[in-house]
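Below is one structure, written out as structure tokens, with a few remarks after it.
Each reported figure results from applying straightforward, stated rules to the coordinates on display, with no laboratory input. In this text the structure is predicted, and so the values were computed from the model without any measurement. Ideal geometry is used to build each Cβ from the backbone, glycine not excepted, and the neighbour counts take in all protein chains shown.
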Amino acid sequence: MNKNYLVSLLAVIGLFVIAWVGSAIGLKWLFGIVIPYAALVVFVAGVWRKVMGWARSPVPFRIPTTCGQQKTMPWIKQAAIENPSTKGGVFVRMLLEILAFRSLFRNTRMKMREGKLSYNLEIFLWVGALAFHYAFLTTLVRHLRFFTEPIPSWVSLIEKVDSFFRVEIMYDPIHFGLPGIYVSGLVLLAAVTYLFLRRLFVRPVRYISLASDYFPLFLIMGIALTGIFMRYFTKVDITSIKELTMGLVTFHWSIPEGIGNLFFVHLFFVSVLLAYFPFSKLMHMGGVFLSPTRNLTANTREVRHVNPWNYPVKVHTYEAYEDEFREKMIEAGLPVEKMPEPKPEEPKEEKE
Amino acid sequence: MNDKKYILGGLLIFIVLFAFPFWFNLGKAAPAPNPVLSEKAKAAGKCVMPTEFMRAEHMKLLGMWRRSVVRHAKREFINPEGKQYTMSLQNTCLNCHDNKAKFCDKCHDYASVDVYCWDCHIDKSKGEE
């Protein structure tokens, strides 16, 4: 037992109960209209505030973390993407980071093997994260069918690709696969479950996991589960639901009859996720673009980076110091950089 | 430092993309579809199962019917009220709901549901025209 995940689990169960009871006692307008709008406003305003806060934060110097040879002599090969010295290199590096999670791919695990310490490639975090994020993106995009009329062809196309596999299990105790199976929803649930189990069973990861790590995982698990339940098991009247969701985006609100409580739980979970987003680790969605350890060129030796808000400091250079004290230094027998001019006065004295 | 304008640009692009459903549907009314019941269906007054069940779960019922007919050659369906029907899309369902375009397609198009019934079955209403 661990209070971090227990608290998060209880919080998500609490949210489930709130939404279920709320819609059961007739507060459907609250959970179907008011809360989604409020969540949307909180999300947009929160993301705006956070990102603009980052934009205000000074990054005067180059602090990229690099994983390869910096640009140097022409006969030493530079790692142009791992240690980019040009904006193009940075662009490719960021593209790989954002689309392919390159730095997760470097994940290693330390192990004692035959009494020796060894580092092994640990690829499953990367695989799980890729599966999770792309499944989530696909799920998000195909939900546009509830928010657009007419439905754009690219949404239908993604939906068709997503429901490519047709598995139908039609027995009396169990029906599954009608309507057609979306792979993304199942992959999303599997990946989020993996990411949770990883935190639970890998001891070093469990040690650094907090309630704020578990809560979004449980919340997303709840979203995926309620969605899967509505689609494949308990069934909902999809036309009424689209009536509601279209009402939200066209500002012609309506709460049609006959929408089950589970739908309001699903919608409430999504609203909570949206509202929670800007105040949590989930802001890595925006943060990944603004990581100074990734998005700066590593040209610290090529270009002198001067702190741009340096005020002019009055300096007393060594040259000026020596000019001031040269005679005294020579008198005291201290070495000087510049010997005084051969004194023209001495021969004059001899003449006189 | 002077990256603020790029960050602001990126943020605006994100918000515009995120608000896609709002501006995409701007000024368009999206009335809920209203599938037309034929005279025969109106006369019958009720479907093989209650309307709420049919709205949400007809695909399941049709799947079960298909399995029963194709795998087990059993064509009798007795509903909870005790009334007997023949399991047949062509002869039972489409007997009342005789116009695919005015009935089935209305909601399926609205919710972007791509049914494969018509891969095998004939849309009679179209054939007669």
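Here are a few things to note about the model shown:
- Neighbourhood net charge (15 Å Cβ-Cβ; Lys/Arg +1, Asp/Glu -1) for A:T317: -2
- Amide N of segment A:180-222 lying under 14 Å from the label point, which is placed 7 angstrom from the Cα of A:N4 along Cα→Cβ: A:196-218
- Measuring nothing but how far apart in sequence close Cα pairs (under 8 Å, 6+ apart) lie, relative to its length, chain A scores a relative contact order of 28 percent.
- For the segment A:155-161, counting C-beta atoms of other chains within 10 Å of every residue's C-beta and taking the mean gives 1.
- Euclidean distance of C-alpha centroids, segment A:15-84 and segment A:125-188, integer Å: 24 Å
- Number of partner chain Cβ atoms within 10 Å, mean per residue of B:12-22: 4
- Counting charges near B:D109 (Lys, Arg +1; Asp, Glu -1) among other residues having Cβ under 12 Å from its Cβ returns a value of +2.
- Protection-proxy order for peptides A:150-160, B:105-115, each taking the mean of Cβ atoms within 10 Å per residue, highest first: B:105-115, A:150-160
- Nearest 10 degrees, 0 to 90: helix A:153-162 Cα axis against chain A principal axis: 80 degrees
- Taking the longest Cα principal axis of chain A as reference, the axis of helix A:318-332 is set at about 40 degrees.
- Set of lysines near B:K5 by C-alpha distance (under 20 Å), chain-local residues within fewer than 8 positions excluded: A:K50, A:K87
- Label-point separation in nm, A:A332 to B:T51, each point 7 Å along Cα→Cβ: 10.6 nm
- Structural descriptor for segment B:37-128: relative contact order 27 percent, calculated from alpha carbon pairs under 8 angstrom and at least 6 residues apart.
- Label separation (A:F164 vs A:A320): 7.2 nm, computed from points 7 Å beyond Cα along the C-beta direction.
- Efficiency of FRET from Cβ geometry, B:A43 and A:S118, R₀ 56 Å, rounded to 0.05: 0.10
- A crude spin-label estimate for the pair A:L96 and B:R75, with each label 7 Å from Cα along the Cβ direction, gives 6.5 nm.
- For peptide A:169-177, the mean count of partner chain Cβ atoms within 10 Å of a residue's Cβ comes to 3.
- Local electrostatic count, A:V92, Cβ distance below 11 Å [Lys/Arg +1, Asp/Glu -1]: +1
- Note on the protein assembly as shown: dipole from Cβ charges, positive end direction compared against B:C96, A:V187, A:S254; the farthest Cα belongs to B:C96.
- Computed from Cα atoms, the angle from the helix B:4-18 axis to the main principal axis of chain B rounds to 10 degrees.
- When chain B is treated as a GNM with alpha-carbon contacts under 10 Å, the residue of B:G45, B:G27, B:G82 showing the greatest mean-square fluctuation is B:G27.
- Relative contact order [Cα under 8 Å, 6+ residues apart], segment A:70-185, whole percent: 13 percent
- By average C-beta atoms within 10 angstrom, highest first, the peptides A:3-12, A:139-148, B:70-79: A:139-148, A:3-12, B:70-79
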